[in-house]
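What follows is a short report on a single structure.
FYI, it's all coordinate maths here, none of it is from the lab. What you see is a predicted model, and the numbers here were worked out from it, not measured in a lab. All Cβ positions, glycine included, derive from the backbone under ideal geometry; neighbour counts span all protein chains shown.
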């Protein structure tokens, strides 16, 4: 084993919370202790925003039973942040790390978080300050490159799959058109998970729209019309980030088709699922263009991220495993890196935790493979083989008609 650095460690959680991100924190703590670390282990309160203030929570003496409960608790238990640090911001982070004799830096988050690790570590190298910086993957969007899947996705996918199972049963009992907006601005993995509980073609979701598809308002209306005529009803899974062939969000065009106005944020970007507008626009367009009266829309929103009743056991185990692996590598002398989950086999399901370069994952997006997309309006059954081991068992149902 390489020489263990004297000093302290810090762990932070960044971006949108997930149902298993606390597992990664506990994995880091366990990995440090198992490999001879004797310093203080700080939790950064609200991530980098807390680091700037030196707002730390000491973690090294928390009893194991409490850590286990914390690990099983959804959301970011240390508090998160949406700050996207630039070089100047990271210089100030490094000053705080030096003041607190922190030589181990662990950050659980998406690709922006991996870039924060990279910048801080490069600044430390330039100053001659010894720092070991590791990124632990996290995102319900499942869009980190070099990863077969990411911690947080399996549990969110389980929620989405079971939500659509129930909504499909509701729609079968009282037929109409139901539109559900699912998170996923740039990648359709979470929306694609809606098919996991589908038992036959007659089950919803009948239509699945992801950002990787080429869409138009006319195509969506034609798809709904065809499906409604065939089944007498239609359940739709729609990614918040669907766009046209030119890459423009369809929310604006759907608003125009429905005779409404699109909401924009302070940067001029079209508001997607957060406002509920996209589902409303689709509903109004269906009513006005197709004359279907019973059309309803829901936006699943933040419920997908940290829902306590739908946590995947595999997701929990792997989130903890990535944290442990990051600590293990840092204690063994590796300077920096990101931990990637890579699948070895489907039957039996096996994965490994691999170290990749921070620059390989930062500011990059993994997209849903086109092989899973059918006619830009559905997801093929083969996607279930990829998804099922990550999600684990889902509810069993039965109908009499």
For the chain, averaging the sequence separation of alpha carbon pairs under 8 Å that lie six or more residues apart and dividing by its residue count, the contact order in percent is 23 percent
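FRET efficiency for residue 365 and residue 344, Cβ-Cβ distance as r, R0 = 25 Å, nearest 0.05?
That gives a FRET efficiency of 0.55.
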Over what distance in Å are the Cα centres of segment 11-62 and segment 142-179 separated? 30 Å
Segment 96-126 residues near the modelled residue 87 label - backbone nitrogen below 18 Å, point 7 Å along Cα→Cβ: 115-126
Taking neighbour counts of Cβ atoms within 10 Å as a proxy for exposure, in what order, fewest first, do 377, 136 appear? 377, 136
Label zone at residue 199 (point 7 Å along Cα-to-Cβ), backbone N below 17 Å, segment 138-180: 161-174
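In what order do 82, 118 fall by count of nearby beta-carbon atoms within 10 Å, going from fewest to most?
82, 118
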How much of the DSSP bridge set in the chain is antiparallel, in percent, rounded to the nearest 5? 30 percent
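What FRET efficiency comes out for residue 57 versus residue 146 if R0 is 35 angstrom and r is the Cβ-Cβ distance? Round to the nearest 0.05.
On the way: r = 31 Å, r/R0 = 0.88.
The pair residue 57/residue 146 has a calculated efficiency of 0.70.
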If we count other beta carbons within 10 Å of each Cβ, what is the order of 18, 87, fewest first? 87, 18
Which percent, to the nearest 5, of DSSP beta bridges fully inside segment 19-142 are antiparallel? 35 percent
Compactness check, segment 79-166: C-alpha Rg relative to the 2.2 N^0.38 Å globular estimate gives 1.35
For the modelled label position 7 Å from the Cα of residue 381 along Cα-to-Cβ, which residues of segment 186-201 have backbone nitrogen atoms closer than 15 Å? 195-201
Segment 97-136 and segment 353-401 have their Cα centres apart by a whole-number Å value of 31 Å
